[in-house]
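The values are calculated or read from the model by the stated rules, or taken from the named source; none is laboratory data. Computed from a prediction, not measured in an experiment: that's the story for all the values here. Using ideal geometry, Cβ is built from the backbone for each residue, glycine included, and neighbour counts are taken over all protein chains shown. Accessible surface areas use protein heavy atoms only, side chains included; no ligands, DNA or RNA. Shrake-Rupley method; radii C 1.70, N 1.55, O 1.52, S 1.80 Å.
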Amino acid sequence: MSLYQEILASKKSGEKKFVVLIDPDKLRLGKLDNVLQLAKEAHVDYFFIGGSLIVNDMLDMVLESIKKNTNIPTILFPGNSVQLSYKADALLFLSLISGRNAELLIGKHVITAPYLKMSPLEIISTGYMLIDGGVPTTVTYMSNTMPIPSSKDDIAMSTGMAGELLGLKMLYMDAGSGAKNPIPTSMIDAVSSATDIPLIVGGGIRTPEKAEENARAGADVIVVGDAIEKDPQLIMEMSAAIHSVKVNA
Ligand code: 1GP
(Lines give C-alpha, C1' and ligand atoms only; values in the text may rest on other atoms or scores of the structure.)
Protein backbone atom coordinates (compact mmCIF):
# COMPACT_ATOMS: atom_id res chain seq x y z
CA MET A 1 0.00 0.00 0.00
CA SER A 2 1.33 3.46 -0.85
CA LEU A 3 1.81 5.97 1.94
CA TYR A 4 -0.95 8.07 0.44
CA GLN A 5 -3.36 5.14 0.46
CA GLU A 6 -2.40 4.52 4.07
CA ILE A 7 -3.17 8.16 4.99
CA LEU A 8 -6.49 7.97 3.12
CA ALA A 9 -7.44 4.75 4.90
CA SER A 10 -6.66 6.24 8.28
CA LYS A 11 -8.69 9.36 7.47
CA LYS A 12 -11.58 7.13 6.49
CA SER A 13 -11.45 5.27 9.77
CA GLY A 14 -11.12 8.51 11.78
CA GLU A 15 -7.61 7.77 13.00
CA LYS A 16 -4.87 10.38 13.22
CA LYS A 17 -1.26 10.35 12.09
CA PHE A 18 1.65 11.87 14.00
CA VAL A 19 4.60 13.26 12.05
CA VAL A 20 7.91 14.39 13.51
CA LEU A 21 9.59 17.05 11.39
CA ILE A 22 13.34 16.79 11.24
CA ASP A 23 15.33 19.72 9.91
CA PRO A 24 18.78 18.19 9.30
CA ASP A 25 20.45 21.55 9.80
CA LYS A 26 18.96 22.21 13.20
CA LEU A 27 19.31 18.80 14.78
CA ARG A 28 22.71 17.78 16.05
CA LEU A 29 23.47 14.18 15.14
CA GLY A 30 23.80 13.09 18.76
CA LYS A 31 20.28 14.28 19.38
CA LEU A 32 19.02 12.49 16.29
CA ASP A 33 19.73 9.06 17.83
CA ASN A 34 17.65 9.99 20.85
CA VAL A 35 14.80 11.27 18.66
CA LEU A 36 14.86 8.07 16.59
CA GLN A 37 14.77 5.86 19.66
CA LEU A 38 11.84 7.77 21.15
CA ALA A 39 10.02 7.87 17.81
CA LYS A 40 10.25 4.09 17.57
CA GLU A 41 8.92 3.60 21.09
CA ALA A 42 6.12 6.12 20.59
CA HIS A 43 5.00 4.67 17.22
CA VAL A 44 5.49 7.89 15.29
CA ASP A 45 3.82 7.38 11.89
CA TYR A 46 6.18 9.31 9.58
CA PHE A 47 9.14 11.60 9.48
CA PHE A 48 9.00 14.73 7.39
CA ILE A 49 12.49 15.80 6.43
CA GLY A 50 12.89 19.39 5.42
CA GLY A 51 13.95 22.89 6.13
CA SER A 52 14.36 26.05 4.16
CA LEU A 53 18.12 25.96 3.81
CA ILE A 54 19.41 22.39 4.18
CA VAL A 55 22.38 21.06 2.26
CA ASN A 56 22.20 17.65 0.62
CA ASP A 57 25.04 15.87 2.45
CA MET A 58 23.21 16.29 5.72
CA LEU A 59 19.95 15.25 4.10
CA ASP A 60 21.41 11.94 2.91
CA MET A 61 23.08 11.32 6.23
CA VAL A 62 19.89 11.85 8.22
CA LEU A 63 17.87 9.65 5.84
CA GLU A 64 20.44 6.85 6.09
CA SER A 65 20.42 7.06 9.85
CA ILE A 66 16.61 6.85 9.99
CA LYS A 67 16.58 3.83 7.64
CA LYS A 68 19.23 2.08 9.66
CA ASN A 69 17.55 2.58 13.02
CA THR A 70 13.80 2.52 12.37
CA ASN A 71 11.05 1.32 10.01
CA ILE A 72 9.33 4.68 10.07
CA PRO A 73 8.72 5.98 6.52
CA THR A 74 10.44 9.20 5.47
CA ILE A 75 8.71 11.89 3.46
CA LEU A 76 10.64 14.81 1.98
CA PHE A 77 9.14 18.20 2.75
CA PRO A 78 11.40 20.26 0.53
CA GLY A 79 12.13 23.90 1.24
CA ASN A 80 13.43 24.27 -2.30
CA SER A 81 13.77 22.25 -5.49
CA VAL A 82 17.34 21.06 -4.89
CA GLN A 83 16.39 19.17 -1.74
CA LEU A 84 15.96 15.81 -3.40
CA SER A 85 17.19 12.44 -2.25
CA TYR A 86 16.25 8.99 -3.50
CA LYS A 87 16.94 7.65 -0.03
CA ALA A 88 13.51 8.86 1.15
CA ASP A 89 10.23 6.99 0.58
CA ALA A 90 8.06 9.85 -0.64
CA LEU A 91 8.00 13.54 -1.42
CA LEU A 92 5.40 16.20 -0.81
CA PHE A 93 5.16 17.98 -4.18
CA LEU A 94 4.14 21.31 -2.71
CA SER A 95 2.30 24.05 -4.52
CA LEU A 96 2.11 27.20 -2.39
CA ILE A 97 -1.57 27.88 -3.00
CA SER A 98 -1.88 30.54 -0.29
CA GLY A 99 0.62 32.71 -2.18
CA ARG A 100 0.77 34.44 -5.52
CA ASN A 101 4.34 33.60 -6.39
CA ALA A 102 4.12 31.82 -9.76
CA GLU A 103 7.48 30.08 -9.24
CA LEU A 104 6.18 28.30 -6.14
CA LEU A 105 2.77 27.59 -7.64
CA ILE A 106 4.07 25.92 -10.83
CA GLY A 107 7.49 27.26 -11.98
CA LYS A 108 9.80 25.09 -9.85
CA HIS A 109 7.55 22.11 -10.50
CA VAL A 110 8.17 22.32 -14.24
CA ILE A 111 11.92 22.20 -13.60
CA THR A 112 11.79 19.23 -11.20
CA ALA A 113 9.01 17.18 -12.86
CA PRO A 114 11.30 15.20 -15.26
CA TYR A 115 13.51 14.13 -12.33
CA LEU A 116 10.55 13.22 -10.17
CA LYS A 117 8.91 11.17 -12.94
CA MET A 118 12.05 9.04 -13.15
CA SER A 119 12.59 8.78 -9.43
CA PRO A 120 11.57 5.88 -7.22
CA LEU A 121 9.93 8.30 -4.76
CA GLU A 122 6.19 8.28 -4.16
CA ILE A 123 5.12 11.79 -5.22
CA ILE A 124 2.20 13.25 -3.29
CA SER A 125 0.87 16.54 -4.66
CA THR A 126 0.01 18.84 -1.77
CA GLY A 127 -1.61 22.26 -1.57
CA TYR A 128 0.57 24.20 0.85
CA MET A 129 -1.19 26.98 2.77
CA LEU A 130 0.79 29.35 4.94
CA ILE A 131 -1.23 30.83 7.78
CA ASP A 132 -0.07 33.84 9.77
CA GLY A 133 1.45 32.55 13.01
CA GLY A 134 2.13 35.91 14.64
CA VAL A 135 5.79 36.24 13.60
CA PRO A 136 7.46 36.39 10.20
CA THR A 137 8.80 32.87 9.55
CA THR A 138 11.57 31.61 7.30
CA VAL A 139 9.02 30.33 4.81
CA THR A 140 7.19 33.63 4.40
CA TYR A 141 10.52 35.39 3.92
CA MET A 142 12.00 32.80 1.55
CA SER A 143 8.80 32.41 -0.47
CA ASN A 144 8.20 36.13 -0.74
CA THR A 145 4.48 35.59 -0.13
CA MET A 146 1.93 36.79 2.38
CA PRO A 147 0.38 34.20 4.66
CA ILE A 148 -3.41 33.94 5.04
CA PRO A 149 -4.47 36.08 8.06
CA SER A 150 -5.28 33.76 10.97
CA SER A 151 -8.72 35.34 11.46
CA LYS A 152 -9.83 34.66 7.87
CA ASP A 153 -11.37 31.20 8.05
CA ASP A 154 -13.31 31.89 4.86
CA ILE A 155 -10.18 32.59 2.80
CA ALA A 156 -8.50 29.44 4.13
CA MET A 157 -11.64 27.43 3.39
CA SER A 158 -11.93 28.71 -0.20
CA THR A 159 -8.20 28.15 -0.78
CA GLY A 160 -8.48 24.57 0.45
CA MET A 161 -11.52 23.95 -1.73
CA ALA A 162 -9.69 25.35 -4.77
CA GLY A 163 -6.74 23.04 -4.05
CA GLU A 164 -9.02 20.04 -3.86
CA LEU A 165 -10.87 20.98 -7.04
CA LEU A 166 -7.54 21.39 -8.84
CA GLY A 167 -6.84 17.75 -8.01
CA LEU A 168 -4.22 18.13 -5.28
CA LYS A 169 -4.14 15.03 -3.09
CA MET A 170 -3.61 16.65 0.31
CA LEU A 171 -3.67 20.06 2.00
CA TYR A 172 -1.01 21.28 4.43
CA MET A 173 -1.90 24.24 6.64
CA ASP A 174 1.29 25.56 8.17
CA ALA A 175 1.83 28.46 10.57
CA GLY A 176 5.59 28.03 9.93
CA SER A 177 8.21 26.42 12.09
CA GLY A 178 8.41 28.02 15.53
CA ALA A 179 5.24 30.05 14.97
CA LYS A 180 4.14 32.07 17.98
CA ASN A 181 0.50 31.20 17.42
CA PRO A 182 -0.48 27.82 16.03
CA ILE A 183 -3.37 27.67 13.55
CA PRO A 184 -6.72 28.46 15.22
CA THR A 185 -8.95 25.43 15.66
CA SER A 186 -11.87 27.26 14.04
CA MET A 187 -9.83 27.49 10.82
CA ILE A 188 -8.88 23.80 10.95
CA ASP A 189 -12.54 22.95 11.45
CA ALA A 190 -13.63 25.21 8.57
CA VAL A 191 -11.13 23.76 6.08
CA SER A 192 -11.63 20.14 7.08
CA SER A 193 -15.43 20.45 6.93
CA ALA A 194 -15.28 21.99 3.46
CA THR A 195 -12.88 19.46 1.89
CA ASP A 196 -12.52 15.68 1.66
CA ILE A 197 -8.77 15.22 1.11
CA PRO A 198 -6.38 14.60 4.02
CA LEU A 199 -5.49 17.73 5.99
CA ILE A 200 -2.01 18.17 7.47
CA VAL A 201 -1.58 20.78 10.20
CA GLY A 202 1.64 22.13 11.71
CA GLY A 203 3.54 25.12 12.97
CA GLY A 204 3.94 26.21 16.59
CA ILE A 205 2.33 23.14 18.19
CA ARG A 206 4.09 22.84 21.56
CA THR A 207 1.83 20.78 23.81
CA PRO A 208 0.07 17.41 23.59
CA GLU A 209 -3.20 19.23 24.44
CA LYS A 210 -2.88 21.49 21.42
CA ALA A 211 -1.98 18.56 19.17
CA GLU A 212 -5.05 16.65 20.36
CA GLU A 213 -7.29 19.70 19.98
CA ASN A 214 -6.14 20.08 16.37
CA ALA A 215 -6.81 16.42 15.65
CA ARG A 216 -10.31 16.73 17.10
CA ALA A 217 -10.91 19.89 15.04
CA GLY A 218 -10.31 17.91 11.83
CA ALA A 219 -6.56 17.67 11.20
CA ASP A 220 -5.74 14.19 9.87
CA VAL A 221 -1.99 14.53 10.22
CA ILE A 222 -0.24 16.58 12.92
CA VAL A 223 3.33 17.78 12.38
CA VAL A 224 5.63 18.82 15.24
CA GLY A 225 9.22 19.94 14.77
CA ASP A 226 10.50 22.82 16.89
CA ALA A 227 9.07 21.68 20.25
CA ILE A 228 10.60 18.21 19.78
CA GLU A 229 13.99 19.64 18.80
CA LYS A 230 13.92 21.46 22.13
CA ASP A 231 12.57 18.57 24.18
CA PRO A 232 12.65 15.15 22.44
CA GLN A 233 10.81 13.52 25.39
CA LEU A 234 7.66 15.31 24.23
CA ILE A 235 7.39 12.70 21.45
CA MET A 236 5.86 10.17 23.84
CA GLU A 237 3.06 12.40 25.14
CA MET A 238 2.38 13.99 21.77
CA SER A 239 2.02 10.60 20.14
CA ALA A 240 -0.26 9.26 22.87
CA ALA A 241 -2.48 12.37 22.66
CA ILE A 242 -2.79 12.31 18.86
CA HIS A 243 -3.35 8.56 18.63
CA SER A 244 -6.00 8.71 21.36
CA VAL A 245 -8.30 10.58 18.98
CA LYS A 246 -10.70 8.61 16.86
CA VAL A 247 -13.53 10.48 15.23
CA ASN A 248 -16.55 9.17 13.40
CA ALA A 249 -15.65 9.81 9.81
C1 1GP B 1 6.80 23.60 10.02
O2 1GP B 1 4.67 22.59 10.33
C3 1GP B 1 6.02 22.48 10.62
O4 1GP B 1 6.76 23.61 8.66
C5 1GP B 1 6.31 22.27 12.08
O6 1GP B 1 6.34 23.46 12.82
O7 1GP B 1 8.58 23.35 13.92
O8 1GP B 1 6.78 24.86 14.82
O9 1GP B 1 6.59 22.38 15.07
P10 1GP B 1 7.11 23.50 14.24
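Do we find a residue being at pLDDT below 90 and either open to solvent by 60 Å² or more (accessible area, probe 1.4 Å) or in a strand (DSSP E or B) (or both) anywhere in region 83-93? Checking region 83-93: not a single residue is at pLDDT below 90 and either open to solvent by 60 Å² or more (accessible area, probe 1.4 Å) or in a strand (DSSP E or B) (or both).
The residue pairs whose first member lies in region 163-184 and is at positive phi, whose second member is more than 16 Å from the ligand (Cβ to nearest atom) and of a type in the set (Gly, Ala, Ser), and whose beta carbons are closer than 6 Å, counting only pairs six or more residues apart or on different chains, do not exist in this structure. Selection of region 104-144 for residues being modelled with pLDDT of 95 or more, assigned to a loop (DSSP other than H, G, I, E, B) and more than 17 Å from Leu91 (Cβ to Cβ) yields Asp132, Gly133, Gly134. Among the residues of region 186-227, which ones are hydrophobic (A, V, I, L, M, F, W, C), assigned to a helix (DSSP H, G or I) and either away from the ligand (no atom under 13 Å from the Cβ) or closer than 19 Å to Leu92 by Cβ (or both)? Listed by number, the residues that qualify are Met187, Ile188, Ala190, Val191, Ala194, Ala215, Ala217. Among the residues of region 161-185, those that are away from the ligand (no atom under 16 Å from the Cβ) and either under 23 Å from Ile49 (Cβ atoms) or crowded, with 24+ Cβ neighbours inside 10 Å (or both) comprise Gly163, Leu168, Lys169. Just to be sure before I move on: is Lys40 open to solvent by 50 Å² or more (accessible area, probe 1.4 Å), without any contact (Cβ under 8 Å) to a residue 12 or more places away in the chain and over 25 Å from Gly176 (Cβ atoms) in the structure I sent? Taking the combined requirement at face value, the residue does not satisfy it.
Taking every residue in region 103-131 that is closer than 18 Å to Tyr86 by Cα and pairing it with any residue that is among the basic types (Lys, Arg) and at pLDDT 95 or above, at least 6 positions away or on another chain, the pairs with Cβ-Cβ distances below 9 Å are Ile123/Lys117; Ile124/Lys169; Ser125/Lys169.
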